[in-house]
Amino acid sequence: MVTKTYTVSTFQQLDDAIKDINKLGSSGSGSTFTIDVARGATLLESANLTAIVAGKGNSVVINGQGSTI
């Protein structure tokens, strides 16, 4: 069981956080992951964002804080 919070302000940081969540989430259930997007950030990118696959029984919360994704 893992509890982890990521703070991101760029598209690459968001994508890296999701990749880490997918990796950690595949090892079991009951984990909680939180992504805090920096207030006022605008994460625009033409590349595809990695899909969130956190694993069965895990939760992911994204706090946008008024940001644009």
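All of the numbers you see were taken from the coordinates with simple rules; none came from a lab. None of these values were measured; they are calculated from a predicted model. Please note: Cβ atoms are built from the backbone with ideal geometry, for glycine as well, and neighbour counts cover all protein chains shown.
Tell me, please, whether a residue that is at negative phi, among the aromatic types (F, W, Y) and assigned to a strand (DSSP E or B) can be found in the range 2-21.
Within the range 2-21, one or more residues are at negative phi, among the aromatic types (F, W, Y) and assigned to a strand (DSSP E or B).
Pull out all pairs, ordered by first then second residue, where Cβ-Cβ is under 6 Å, the residues are six or more apart or on different chains, the first lies in the range 1-20 and is among the basic types (K, R), and the second is assigned to a strand (DSSP E or B) and surrounded by 13 or more Cβ atoms within 10 Å (Cβ to Cβ).
Pairs that qualify, where the first residue is among the basic types (K, R) and the partner is assigned to a strand (DSSP E or B) and surrounded by 13 or more Cβ atoms within 10 Å (Cβ to Cβ), are K4/F33.
Yes/no matrix, rows are residues, columns are (1) over 11 Å from V2 (Cβ atoms); (2) surrounded by 16 or more Cβ atoms within 10 Å (Cβ to Cβ); (3) among the acidic types (D, E):
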residue	(1), (2), (3)
A17	yes, yes, no
G25	no, yes, no
G40	yes, no, no
K56	yes, no, no
S67	yes, yes, no
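Check off (1) in contact with a strand residue (DSSP E or B) (Cβ under 7 Å, 6 or more places away or on another chain); (2) in a helix (DSSP H, G or I) for I35 and give me the number that stays unchecked.
Unmet for I35, out of (1) in contact with a strand residue (DSSP E or B) (Cβ under 7 Å, 6 or more places away or on another chain); (2) in a helix (DSSP H, G or I): (2).
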